[in-house]
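Student: Structure provided below as structure tokens; questions to follow.
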Amino acid sequence: MTSLLSLLRSVGGRSLHLPVHGRGAALPPSLQRLLRQPPGRWDLPELPEIGGPLEAEGAVAASQARLATALGVDRCWFGVNGATGLLQASLLAMAQPGEAVLLPRNVHRSLIAACELGGVMPVFLPVPFLADRGHPGAMSVAGLRRSLDTLPDPGCRIAAAVLVHPTYHGYAADISGLLDLLHARGLPVLVDEAHGTHLAFPSRSALPASAVHAGADLVVHSLHKSAPGLAQTAVLWQRNGRIDPERVQAALQRLQTTSPSALMLASCEATLDWMLSPRWPVLLEARQCDATTLATVLARAGVPLHSGDDPLRLILATGQAGISGLEADDWCMQQGLIAELPEPLCLTFCLGFAQHRGLARQFRHLWRRLLDEAGGEPLAPIPAPPCDRVSVPVLPPDEALRRPATRLPVARCIGRIAAELICPYPPGVPLLVPGERMDAQRCAWLEQQHRRWPDQVPGMVKVLA
């Protein structure tokens, strides 16, 4: 059996996946210097002079206060359980058990888990579905307005709302317009900006607006998905006014480890300081220019690409050449080109902040070989799932999970209540949530997709007995 240590030493290939520091090549210089020291010197507990994210004293507390001021917000907390832990704590701080939260349909599964933990009812808002790509797009202001105008009564108080900006694929929303609509309803808003950390920092390029500067109440940034930090590091920003910071602190205390890694905390600080330094806009502009040039060269060579709002995400339209992104991913990995997100109709590469010399030549060569070996007629689009209107589960997810359940073929689930989360990963966007009633349209869609993609969509579903 191959050990994990041996794999860490031997895994090769060109890294076009998360974390976006490119196997250390784009880590902040100060963090690179630290990691050159004898191993383990940085593996320290919460010594008084270091402190932790929830401590009032120590270097971590001072760093968090300084960085909050630099970003123009009121509070900052480092996270060592990825964006997941900070998103979950944020939702638990905004809503009490028995209350509801508005969630876009492309919300990450971590927030469904938070609803389960906190006894919160999710109210799902539709988002556009891109049938030619087989995944969700960004929510629009007009779409959100329609949803709010037709909002059903969930039977309890709606305490807050969540937005995703940008999406896993880099599609950006008009975040200011979305926030204005929700704030006008008196709702505090958490924004999952895990894939848009770089939007909040100085740039020489015209980038979409960050929720941090657009007035969101809480914003979660991943520091490895869209910033050059170590995996599992993240940061939560708060703007005071609608949410009590003591509730956020208490929620973090419930989910935060009592032994946060000093290395990860140092990575949080070093990454954010690096992105606030004068050298960061230069580096970011260079990487975006490289990415734009790469996309242009590939398009001219006949490599089919989908457009997006983030040039650092390269979306290969494999379905146009009759190749599933799942098959293309397996094939590319065998050739030493490691992508981030395989899906039935496309394959997404994260270019990140490291240089990729010779990538255009390698990409063109591999694409021609893949076409020769597996190309064919274009694959049919994936029809939008029947989730085009606001919906409220029949039961809160936590209650559905506590009840007796049985597993049935999807065809026999019409009218039944789901008792499990169906969620292909990545990107972790749920197709079905515990507590939702499975109507005929939902079952037919799941059956159709299971026949077409049996490894991605299950043919059996756990439902309430």
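The values are calculated or read from the model by the stated rules, or taken from the named source; none is laboratory data. All of these numbers come straight from a predicted model, not from anything done at the bench. Neighbour counts are summed over all protein chains in view; Cβ atoms, including those assigned to glycine, are modelled from backbone coordinates with ideal geometry. Just so you know, the surface numbers come from the protein's heavy atoms only, side chains and all, with ligands and any DNA or RNA stripped out. Shrake-Rupley method; radii C 1.70, N 1.55, O 1.52, S 1.80 Å.
Student: May I ask you to give the average projected area over all directions of the convex hull of the Cα atoms of the stretch 327-465, in nm² rounded to one decimal? Let's see the in-between values first.
Tutor: Details: hull surface 43.9 nm².
Reported value for the Cα convex hull: 11.0 nm².
Student: For the stretch 4-156, I need the span (max minus min coordinate) of the C-alpha atoms along each principal axis, in Å, sorted largest to smallest.
Tutor: The Cα atoms of the stretch 4-156 stretch 60, 44, 32 Å along their principal axes.
Student: Using 0.36 nm per residue of separation minus the Cα-Cα distance, give me the extension gain between Arg451 and Ala465 in nm, one decimal. It would help to have the intermediate numbers written out before the result.
Tutor: Details: separation 14, 0.36 × 14 = 5.04 nm, distance 2.52 nm.
That works out to 2.5 nm of additional length.
Student: For the chain, what are the DSSP H helices with axial Cα length of 20 Å or more and mean Kyte-Doolittle hydropathy of at least 0.5?
Tutor: Values: long enough: 262-276 (21 Å, 1.17); 279-300 (32 Å, 0.21); 359-374 (21 Å, -0.69).
Sorted by number, the helices that extend far enough and score high enough are 262-276.
Student: Next question, about the same structure. Please work out the average accessible area per residue across the chain, using the 1.4 Å probe convention, and give it in Å².
Tutor: Details: 19480 Å² over 465 residues.
Computed with neighbouring chains in place, this is 42 Å² per residue.
Student: Taking N as the number of residues in the stretch 99-169, what is its alpha-carbon radius of gyration divided by 2.2 N^0.38 Å? Display every interim value, and only then the final one.
Tutor: Values: Rg = 12.7 Å, N = 71, 2.2 N^0.38 = 11.1 Å.
Computed over Cα atoms of the stretch 99-169, the ratio equals 1.14.
Student: Can you tell me, using C-alpha contacts under 8 Å and at least 6 residues apart, the relative contact order of the stretch 382-464 as a whole percent? Show your work: numbers first, answer last.
Tutor: Values: 137 pairs, mean separation 32.4, N = 83.
Worked out over the stretch 382-464, it gives 39 percent.
Student: Tell me the Kirkwood hydrodynamic radius of the stretch 128-233 in angstroms, computed as one over the mean inverse distance between distinct C-alpha pairs. Present the calculation step by step, with values, prior to reporting the outcome.
Tutor: On the way: mean 1/r = 0.0674 Å⁻¹.
After inverting the pairwise mean of 1/r, the radius is 14.8 Å.
Student: At R0 = 25 Å, how high is the FRET efficiency between Cys423 and Glu327 if r is their beta carbon distance? Nearest 0.05 is fine.
Tutor: On the way: r = 22 Å, r/R0 = 0.86.
Here the calculated transfer efficiency is 0.70.
Student: So if I take the centroid of the Cα atoms in the stretch 199-235 and the same for the stretch 286-307, what is the distance between those two points in Å?
Tutor: 24 Å
Student: Related question: Sort the following peptides by mean Cβ neighbour count (other Cβ atoms within 10 Å, averaged over residues), highest first: 240-248, 3-11, 227-235, 124-132.
Tutor: Peptide ranking by packing, descending: 227-235, 124-132, 240-248, 3-11.
Student: Turning to a different aspect of this structure: Sort 302-310, 175-183, 404-412, 342-350 by packing, meaning the average of other beta carbons within 10 Å per residue, with the highest value first. Walk me through the numbers before you get to the answer.
Tutor: Values: 302-310: 17.2, 175-183: 19.4, 404-412: 13.9, 342-350: 24.6.
Going from most to least packed, we get 342-350, 175-183, 302-310, 404-412.
Student: Compute the whole-percent fraction of alpha carbon pairs in the chain spaced more than 38 Å apart. Could the numbers behind the result be given before it?
Tutor: Numbers: 26746 of 107880 pairs.
Tail fraction, whole percent: 25.
Student: Explain nothing, just the number: relative contact order of the stretch 83-175, from Cα pairs under 8 Å at least 6 residues apart, as a whole percent.
Tutor: Values: 136 pairs, mean separation 30.1, N = 93.
After rounding, I find 32 percent.
Student: Next question, about the same structure. Over all distinct alpha-carbon pairs, what is the Kirkwood Rh of the stretch 340-404 in angstrom?
Tutor: 17.1 Å
Student: Count the DSSP beta bridges whose two residues both fall in the chain, then state the antiparallel fraction as a percent rounded to the nearest 5.
Tutor: Given both bridge residues lie in the chain, the antiparallel proportion sits at roughly 65 percent.
Student: Then there's this: Would you calculate a helix-derived [θ] at 222 nm for the chain, using -39,500 (n - 2.57) for each DSSP H run of n ≥ 4 and dividing by the full residue count, to the nearest 500?
Tutor: Working: 15 runs with 166 residues, N = 465.
The helix-only estimate for the chain comes to -11000 deg cm²/dmol at 222 nm.
Student: Which of the trypsin sites (Lys or Arg not before Pro) found in the stretch 273-337 are in a DSSP loop and have at most 14 neighbouring Cβ atoms, other than their own, within 10 Å?
Tutor: On the way: sites: Arg279, Arg287, Arg300, Arg313; in loops: none.
Qualifying residues, ordered by number: none.
Student: Per Stokes-Einstein, at 25 °C and 0.890 mPa s, what whole-number D in µm² s⁻¹ belongs to the stretch 267-356, with the Kirkwood radius over Cα pairs as the hydrodynamic radius?
Tutor: On the way: Rh = 14.4 Å.
Rounded to a whole number, D works out at 170 µm²/s.
Student: Leaving out ligands, DNA and RNA, and with a 1.4 Å probe, what % of the accessible surface on the stretch 96-231 is carbon or sulfur? Walk me through the numbers before you get to the answer.
Tutor: Details: 2100 of 4060 Å².
Carbon plus sulfur share of accessible area: 52 percent.
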